[in-house]
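Student: Supplied in structure tokens, the structure appears directly below.
The values are calculated or read from the model by the stated rules, or taken from the named source; none is laboratory data. The model shown is predicted, which means the values in this text are computed figures rather than measured ones. Cβ sites come from the backbone with ideal geometry, for glycine too, and all protein chains shown count toward neighbours.
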Amino acid sequence: MRPENLTEMQTAIRHLITAVANANLYSVEHQQIKRLCEASQGCFENLLREQGKLSLLMVEGVLLFDNIPLPPGLHAQKLAQLMERHRINRLILAPGLEPEELEKLVEFWTQPGKSRQGLPECPHLRFETLAESEALPSQATLDESSIYDAAGLGEVKKKGQNRLAEMFEDFGRKKTMHVAGLNEIVSSFIEAFSREVLSLLVLLPIRTMDEYTFTHGLNVCLLNLAQAMNLGIEGQLLHDIGLAALVHDLGKLHIPLEILAKPGKLDEREWGIMHQHPAQGAELLLDTPGMPQLAVITAFEHHLRYDLKGYPAVSAHWNQHLCSQMTTISDIYDALRTTRPYKAAKTAETCAEILREAAGSEIHPQLAGNFLSLLDHSAQKSGLHCF
């Protein structure tokens, strides 16, 4: 199997599981669920065009795509749990699959108490129990060590992404955030940095994902750690700078999905709602036991700008924290390099030029110079232009 096919399947599952999560919060008729099912169907269609038929088999909590284990991750794990809960051991997808069929599947998975007898009737979806399925693959097939190499910083980031996604999902339900889990993510990043040669071009390749909030937080965390370490910062302050970046956008969990994912410019009312997320994030973090004060400050200040012309409104004599100013730079850079529903990602060269122009007004000039030197150093070291 080509690696691209495995990635395409992961993307299809991610869209589908995100649709289930959103349907639990809103309703199956919500436009966001329809959009996610269409995106999932598009990925499945690409694979069906090449392979003719797709098989997803669940074996003891492990999800196999055509008998090859999918990389461990939150979305594959969630799909395996849903299949196990409803006693589905194999899901087979056939050419002609329609987004509406995936919507029916999402609706089924969001209704408690549904048994296998209540599975939706879809002409291009087939469900099998264990008795109906083919013989299970051998244990050798399930040995992931032969497929996935040892973890580097990229693998550490992937695990952190899954962990943070779970924590944010729990926060949405229980309104509690466990700082110990966040500390674990940041500590793993710092440890990985110390083991490997710093090369931002390798650490954070350009992404085209639309699951933005927690992925963005992880990238800003990595970028903040790189900035701080290049300035000689270490110890507890380094750790708190990473943690503050990780949760700087927590307030966006209160922003409606239709605003966050709007494919065009926001109107005045929508911008008014968006401008509330720094203060809302600070309030949430302030109520979180064990959360460093620096994280609260950074959540509130990361959109202030160096000239204090951003938001929320503050006095002309406001003294913005160094961590907030570093986070502003990381935030801008990662946003520029990410494909969003309303804009395409910009090249690394274009991003660097935008940061140079913003130095002294939107961002701190000396910190901008530090960040740009990191990019130049990484580009020279790797010879790549993908960051």
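Student: Could you tell me whether the range 48-61 includes any residue that is assigned to a helix (DSSP H, G or I) and touching a helix residue (DSSP H, G or I) at 6+ places or on another chain (Cβ under 6 Å)?
Tutor: No: zero hits.
Student: Hey, another quick one. Give the residues of the range 9-35 that are among the hydrophobic types (A, V, I, L, M, F, W, C), part of a helix (DSSP H, G or I) and farther than 19 Å from residue 80 by Cα, sorted by residue number.
Tutor: Here is the first cut: in the range 9-35, the ones among the hydrophobic types (A, V, I, L, M, F, W, C) are 9, 12-13, 16-17, 19-21, 23, 25, 28, 33.
Add one more test, that the residue is part of a helix (DSSP H, G or I), and what stays is 9, 12-13, 16-17, 19-21, 23, 25, 33.
Answer for the range 9-35, where residues must be among the hydrophobic types (A, V, I, L, M, F, W, C), part of a helix (DSSP H, G or I) and farther than 19 Å from residue 80 by Cα: 25, 33.
Student: Considering every residue within the range 281-301, establish whether at least one is surrounded by 16 or more Cβ atoms within 10 Å (Cβ to Cβ), among the aromatic types (Phe, Trp, Tyr) and either assigned by TED's automatic domain parsing to the domain that holds residue 365 or touching a residue at least 40 places away in the same chain (Cβ under 8 Å) (or both).
Tutor: For the range 281-301, residues surrounded by 16 or more Cβ atoms within 10 Å (Cβ to Cβ), among the aromatic types (Phe, Trp, Tyr) and either assigned by TED's automatic domain parsing to the domain that holds residue 365 or touching a residue at least 40 places away in the same chain (Cβ under 8 Å) (or both): present.
Student: Considering each of 345, 368 in turn, give the residue that is touching a strand residue (DSSP E or B) at 6+ places or on another chain (Cβ under 9 Å), under 21 Å from residue 221 (Cα atoms) and assigned to a loop (DSSP other than H, G, I, E, B).
Tutor: On the way: 368 fails: assigned to a loop (DSSP other than H, G, I, E, B).
Being touching a strand residue (DSSP E or B) at 6+ places or on another chain (Cβ under 9 Å), under 21 Å from residue 221 (Cα atoms) and assigned to a loop (DSSP other than H, G, I, E, B) holds for just one of 345, 368, which is 345.
Student: Residues 48, 64, 54, 16: which one is under 18 Å from residue 125 (Cα atoms) and crowded, with 22+ Cβ neighbours inside 10 Å?
Tutor: On the way: 48 fails: crowded, with 22+ Cβ neighbours inside 10 Å; 64 fails: crowded, with 22+ Cβ neighbours inside 10 Å; 54 fails: crowded, with 22+ Cβ neighbours inside 10 Å.
Just one listed residue meets the conditions, 16.
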